[in-house]
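Have a look at the structure below, then the notes.
The values are calculated or read from the model by the stated rules, or taken from the named source; none is laboratory data. Remember, it's a predicted structure, so these values are computed and weren't measured experimentally. Every residue, glycine among them, receives a Cβ derived from its backbone with ideal geometry; neighbour counts consider all protein chains shown. Remember, those area values only see protein heavy atoms, side chains included, never the ligands or the DNA or RNA. Shrake-Rupley method; radii C 1.70, N 1.55, O 1.52, S 1.80 Å.
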Amino acid sequence: MAFGPHLLLATLEGLVNSAVLALTALGLSLVFGVMRVVNVAHGEFYMLGAVLAWWVASLVSGHPALGFLVALVVSPLIVGAIALASERLVLRRLEYNPESTIVATIGLLYIFQQAALTFYGPEARPVEAPFSYRVLLPWFGYSGYKLAVIAASALLLAGTWYMLTRTKIGLVMRATQYDRETAQAFGIPVTKVYAGVFALGAMLAAVAAVLTVPISQAHYLMGRDPLLLSFIVVIIGGLGSLRGTVIAALLVGLSDGIISVFYTPTLAKIIATLLVAMVLVFRPQGLFGTAAR
Amino acid sequence: MTTALEIADLDCFYGEVQVLHGLSFELRRGEVHCLLGRNGAGKTTLLKAIMGLVPARSGRIMLGARDLTRLPAHEVPKAGVAYVPQGRRLFAEMSVAENIEIGLMARGKGAATRENVLALFPILRERLKQRSGTLSGGEQQMLAMARALCLGPDVLLLDEPTEGLMPSMIAKIRETVEQLGERGVSTLLVEQRVDAVLPVADRVTFVENGRVRATVGVDEVRADPDVVKRYVGVG
Ligand SMILES: Nc1ncnc2c1ncn2[C@@H]1O[C@H](COP(=O)(O)OP(=O)(O)O)[C@@H](O)[C@H]1O
Ligand SMILES: [Mg+2]
């Protein structure tokens, strides 16, 4: 393949990466931003989303699109419920203490992983894509489903942005993020907001995972890379900044796609990690974050 | 005169350190009641305790027949108590309009209350889209008061509203406080300096080391400025 088409292919693959990563990282960033806690189990919500998608789809007979669509709705809802239970049973009891939460969510990570191993098993299983249409470009054919993933992610990101900036729920979330005490003095039930944000963050990861399973398979250890990459994105983009998260996800996803195609995936990871180090040294609040007050 | 807010035998702690010691007093309906005391006397802690932000270890805070110490913090504003914190504590990254919206949402107030409050602070109307952190100090204080008045409160708690403001702004704040009684609002005003309260207060309570030293009518303070020295050792 000539260089031009090859670059186009690499860019498309990178965009698919970015699309999934942006959703996952946004979930981590919201929890980090509003609740000021680091959720180490975030990648496991992603994994649970994928595994549950396989389970739900396997229960639905008929056209593969039907199974996929049911999974796209049901799997994030179940993951949201699991997140709510974790928040109620663990995080709230620790009073969202940052250090304790890190340790506790490491514990949750192992619990979720082992639960998946026990009930789902060690196999990697795919979910059939809802459609198999291929877009024919002059140089190569490309999965129509992957393009749909990019579009779906863009829609979900736009929806989240709208919710955060234009609705009362978003206003309440931002007020809680800026000043928890004053928010309470204005009637905002911050523990409810925390619970909602934690569930929302987990559901974003789950949606991203459901979109991914037709491309890569569901596996009980699949949560590690998304967690690592989400951290990279949140650090580069800046805490609690949606714009920063999206731009950093594009940066990391695209460079990962392109460098992996032309050189090696290892080089891509090295560069991303180097970027994180540079950001931490020269702009600790992230490229688009505002300095801590 | 009926009682708007009654505080009885209130004890508050930060960890093991006791800050309020059996503190008692009453806020009458429609009055401007001033709490005067030195830095560190426990004035801010008292306001936070009323708002449920600092737990009361013992004692009662009665708003009519309701004991506020039994409510979770976010229910206190819904009961009709609005708070203007020390240092204003605006949602600095949000616009003026959004700060006002948060005040309105607390008790489900609508356009009528908003108009009413903006009429009190016309300058805010011109700044609705501006990020509140970029307002001048005086404007920020007005926004903090506007945000609180958007609750349509029965009781308003004001913590050092004139701290660090220019004299022209202090006059404006004072003027607003004077109008509150006519609106049926009972005001608890915290200040450190007596000259800041003499023109607006109906009664003055002196606080020292988390205890009430005395409550006197403002005429008594005007007639004999030495009472201030006697009770809190500051002028
Ligand atoms: N968050 C806190 N933790 C521990 N001690 C505090 C805290 N806030 C205030 N204090 C202490 O409580 C006392 C009363 O403080 P405060 O209520 O702020 O006084 P005032 O508002 O009258 O200046 C002071 O001794 C202060 O150091
Ligand atoms: Mg104070």
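Evaluated at q = 0.09 Å⁻¹, the base-10 log of the normalised Debye intensity for the protein assembly as shown, with identical point scatterers placed on the Cα atoms, takes the values -0.75. Solvent exposure of region A:20-222, expressed per residue, is 43 Å² of accessible area, with all protein chains present and a 1.4 angstrom probe. Our analysis of chain B gives Rg over Rh at 0.95, with the two radii drawn from alpha carbon positions and Rh computed by the Kirkwood formula. A quarter of the convex hull surface defined by the alpha-carbon atoms of region B:81-152 gives 4.1 nm² as the mean projection. Pairs from the table (A:Lys168/B:Lys43; A:Lys192/B:Lys78; A:Lys168/A:Lys192; B:Lys78/B:Lys129) lying more than 23 angstrom apart at Cα are A:Lys168/B:Lys43; B:Lys78/B:Lys129. Based on every Cα atom in region A:207-293, Rg and the maximum pairwise Cα distance Dmax equal 13.9, 43 Å. Partner lysines whose Cα lies under 28 Å from the Cα of A:Lys146, excluding those fewer than 8 positions away in the same chain, are identified as A:Lys269. Measuring from centroid to centroid over Cα atoms, what is the spacing of region A:79-124 and region A:239-293 in Å? So the two Cα centres are separated by 27 Å. The simple spin-label model puts a point 7 Å past each Cα toward its Cβ; for A:Ile215 and A:Met163 those points are separated by 2.2 nm.
Expressed as a fraction of 2.2 N^0.38 Å, the rule-of-thumb size for a compact globular protein of N residues, what is the C-alpha radius of gyration of chain A?
Ratio of Rg to 2.2 N^0.38 Å for chain A: 1.00.
Each stretch of four or more DSSP H residues adds -39500 (n - 2.57); spread over every residue of chain A, this sum gives -25000 deg cm²/dmol at 222 nm.
For the protein assembly as shown, the fraction of 1.4 Å probe accessible surface lying on carbon and sulfur atoms is 61 percent. Building the convex hull from the alpha-carbon atoms of region B:24-143 and averaging its projection over directions returns 8.8 nm².
For the pair A and B, the buried accessible area comes to roughly 1900 Å² in total, with a 1.4 Å probe and the value rounded to the nearest 100. Roughly how compact is region A:1-46, stated as its Cα Rg over 2.2 N^0.38 Å to two decimals? Here the answer is 1.67, to two decimals.
The distance linking region A:175-197 with region B:158-201 is 28 Å (Cα centroid to Cα centroid, whole angstrom). Here the sum of -39500 (n - 2.57) over DSSP H runs of 4 or more residues, divided by the residues of chain B, equals -9000 deg cm²/dmol at 222 nm, to the nearest 500.
Loop-located GluC sites (Glu not before Pro) in region A:27-125 (DSSP state not H, G, I, E or B) with no more than 11 neighbouring Cβ atoms inside 10 Å: A:Glu95, A:Glu123.
Over chain B, what is the relative contact order in percent, taking alpha-carbon pairs closer than 8 angstrom and at least six residues apart? 28 percent.
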